[in-house]
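Undergrad: Below is a structure I'd like to ask you about.
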Amino acid sequence: MKEQDEKKRLPGNENEAPYEKGGPARAGVLPSRGLSNLWPVFFAFIGGWAIRVIGNFGAIAVFFFLAFINIFRSKQIREITSQVYYIGAKSSLIVILVGLFTGMVLGLQLFYTLVKFGSVGALGSAISLSLVRELGPVLTAIMIAARAGSAMAAEIGILRNSEQIDALYTMGIDPVRYLVSPRIAASIISFPLLTAFFDLVGIIGGYLTGVVLLGTNAGTYFYRVQSSLGMVDIRGGFIKSLVFGAIVSCICCFQGYFCHMRDDGFGARSVGMATVSAVVISCVLILVSDYVVTSFLM
Amino acid sequence: METPLIEFRNVTKRFNGKTVLDNINLSIYENQVTTIIGKSGTGKSVLLKHIMGLLKPDEGTILFQGKPVNKMKKAEWEAHRRKVAYLFQNNALLDSMTVLDNVAFPLRQTTNLSKAEIEKRAMKRIDDLELAEAVGKFPSELSGGMQKRVALARALVTDPQIVLFDEPTTGQDPIRKNMILSMIIHYRKKYGFTAVMISHDIPDVFFISDRVIILWEGGVGFEGPYEEALKQNVPMIDEFLRSLDGFQDQLTGLLSREAFKMHYSAMLGAAVTETKYSAALFGVRLNILYEALGAQAAVAVLKALGEYANRYFNSIGGFSARHSRDEILTIFPHKNLEEARKLVESFSHELENGVVDHIKNIARKNSAAATCFDIYIRAGVIEISPEDSIEEIIQKGRAKQEIISTHRCDLGGEVQ
């Protein structure tokens, strides 16, 4: 609650403050000097928003740092293992399905595109490179964010609202260490593995449409896959999946952990809103960070 | 002067501009049971959360053994905090874990004990709180009362030095309420922890409390022993305490202490000169019964004693009330000492015949081993004069107490 109080005092949260300072606008009447008085209101809004966003990013960074260093504390192996099972193993089916159909669609689309240029032999290269470099890490991360990330946010949010997080604190257990660190560790472990799975199944999907259905030469397909994929491509995809794993787990846990401080709802609604925010922000940040990481890798 | 274990100095706490704790000053002493009472929304739980460190004051200081919390280093504060256990108002059980896992959880996470030792300690607490049949169930499968007991077991499993109870008896029936309070006092004596409790179960909670803190209008309305609280004569607080006390003792069905006082005053008001009055103070040693038979049987003995006294003496115009945890005072209007003695004697025979089977059954359930226990019920019969206050009658009764009834639960084993 104290944090809530403090939050309320932040300039960005004082919705009425600019109008109070504006005088007549407080009573619903436009200021007498017209538009010139709206500029301070506009800048106050932008400034408040910027401060809030920067503050949130700062809070997420501190949250991630605290959770990350606690991964290496004792008694974490059991929790990390169970989270790897939940986030990783239990997500494998959906990742396989998405990977298979993504590969199959790629096979179809690229086949008809490459036929126009008379270079259908490059089908294996095109499919494997696009999967390993981009689609594999991104789609895997989005799928896990939807499946496991939403569950993380909702579960932690419910623990927060039912005072179970406070109960952990009173028992001398660090809630971040117990709840957040294993999830971040498990995500960092699971994302690259599932991405590899996705890539492999996607290449098989491309084989099914490109070779089995449309009749491209099987030997050419696999030769192109092998010859065009270099360690640099695999390493890039691996780095991306590590980054996505950290981002998705951190955002989802953060949203759930602080759902009681949301402005847009309390109780069950706050958990729902936290879950929505967790998935949306994760997906957006996956794409933004994909661009950033790709530009560094190129 | 003794340094308080926990001290609040000018502590103020506001939520969204509303002041909940307003410049609070209070002290909590080691090895005592301190009870906090007050109307809803007066900041009782907020106060406990400050002790636990879940909330921080907006103004003022909290001191642990004379040292301000805000000047402690993190490690020092953590060391203090580990000595404290908290029983939440809504239990805050981990709902994805079974009862056993919930109780064992703090030991698993904060100690390096072996798996077998952790399970043994957790099962001990589970058995103490009569939760053995719920051991594999999840919290959502339990009644509110059972959830409360699981939370209590979890709070006590680490043998804390300070235990904060946020309404530990809410949602319990009168027997369970007394069981829980008996258990709190029993464990407090056994392990020597300091208990801070929020409860409205008057009078039971006051029987076990060393000090009472009444939160009133954002501040401390009273701080000290319960008997002094009744002498304060602050009308609002007085009315509040009376409203909590009610007219009837929930456990035994006897009159509440306030109702007893009113009856006594009315009796004296209607008194004719030369009228004889007598009284009897009945008692059982609840602590000894608890040790021997367990909480449920100990409370059952007290309940049976109260119910029998109520039924037996009401029919002849007597009236009774519980005046401490395990003492019942009965007034016999228009009876001299000799008549009162005869009444008590005949009452003791009925008590022996009526209660013993019930107690035997409970004792047999609790004591799987072939053990045998003796239950002694004492009574002090005295003649009273209209000038005697109730406290004086109790003192006289205590001085005259002797064993009037013995119940032997013969289970075929050795006498303990």
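Undergrad: Tell me which residues, restricted to the range B:276-315, are among the polar types (S, T, N, Q) and open to solvent by less than 10 Å² (accessible area, probe 1.4 Å).
TA: Narrowing the range B:276-315 to residues among the polar types (S, T, N, Q): B:278, B:287, B:296, B:310, B:314-315.
Answer for the range B:276-315, where residues must be among the polar types (S, T, N, Q) and open to solvent by less than 10 Å² (accessible area, probe 1.4 Å): just B:Ser278.
Undergrad: Now, a different point. From the list A:Tyr112, A:Tyr178, which residue is out of contact with any strand residue (DSSP E or B) (no Cβ under 8 Å at 6 or more places or on another chain), within 14 Å of another protein chain (Cβ to nearest Cβ) and among the aromatic types (Phe, Trp, Tyr)?
TA: Answer to the selection: A:Tyr178.
Undergrad: Could you list, in sequence order, the residues of the range B:108-152 that are basic (Lys, Arg) and either closer than 17 Å to B:Ala295 by Cβ or open to solvent by less than 50 Å² (accessible area, probe 1.4 Å) (or both)?
TA: Result: B:Lys124, B:Arg125, B:Lys148, B:Arg149.
Undergrad: Mind listing whichever residues of the range B:189-208 are open to solvent by 20 Å² or more (accessible area, probe 1.4 Å) and over 21 Å from B:Gly145 (Cβ atoms)?
TA: Residues satisfying the conditions are B:Lys189, B:Lys190, B:Tyr191, B:Gly192.
Undergrad: Taking the criterion of being loosely packed, with under 15 Cβ neighbours inside 10 Å and in a strand (DSSP E or B), would at least one residue in the range B:23-45 satisfy it?
TA: Within the range B:23-45, one or more residues are loosely packed, with under 15 Cβ neighbours inside 10 Å and in a strand (DSSP E or B).
Undergrad: Sort through B:Glu76, B:Glu30, B:Glu59 and tell me the only one that's within 19 Å of B:Arg211 (Cα to Cα) and either away from chain A (no Cβ under 14 Å) or at pLDDT 85 or above (or both).
TA: Only one candidate passes the filter, namely B:Glu30.
Undergrad: How many residues does the range B:26-51 contain that are in contact with a helix residue (DSSP H, G or I) (Cβ under 7 Å, 6 or more places away or on another chain) and under 16 Å from B:Gln161 (Cα atoms)?
TA: 1
Undergrad: If you take the residues in the range B:62-73 that are under 21 Å from B:Ile213 (Cα atoms) and either open to solvent by 40 Å² or more (accessible area, probe 1.4 Å) or of a type in the set (Gly, Ala, Ser) (or both), which one is farthest from the other protein chains (Cβ to nearest Cβ)?
TA: The residue in question is B:Gly66.
Undergrad: Another one. Looking only at residues that are within 11 Å of chain A (Cβ to nearest Cβ) and in contact with a Phe, Trp or Tyr (Cβ under 7 Å, 6 or more places away or on another chain) in the range B:92-107, which one is surrounded by the most Cβ atoms within 10 Å (Cβ to Cβ)?
TA: Result: B:Leu94.
Undergrad: Quick check: anything in the range B:81-91 more than 13 Å from chain A (Cβ to nearest Cβ) and not aliphatic (A, V, I, L, M)?
TA: For the range B:81-91, residues more than 13 Å from chain A (Cβ to nearest Cβ) and not aliphatic (A, V, I, L, M): absent.
Undergrad: Quick one: which helices (runs of 4 or more DSSP H) sit completely within the range A:105-169 and have at least 3 residues that are under 16 Å from A:Leu200 (Cβ atoms) and open to solvent by less than 30 Å² (accessible area, probe 1.4 Å)?
TA: A:123-130, A:136-144
The values are calculated or read from the model by the stated rules, or taken from the named source; none is laboratory data. Keep in mind that what you see is a predicted model, and the values were worked out from it rather than measured. Heads up, the Cβs are rebuilt from the backbone with ideal geometry, glycines too, and the neighbour counts pull from every protein chain shown. Surface areas here come from the heavy atoms of the whole protein model, side chains and all, with no ligands, DNA or RNA. Shrake-Rupley method; radii C 1.70, N 1.55, O 1.52, S 1.80 Å.
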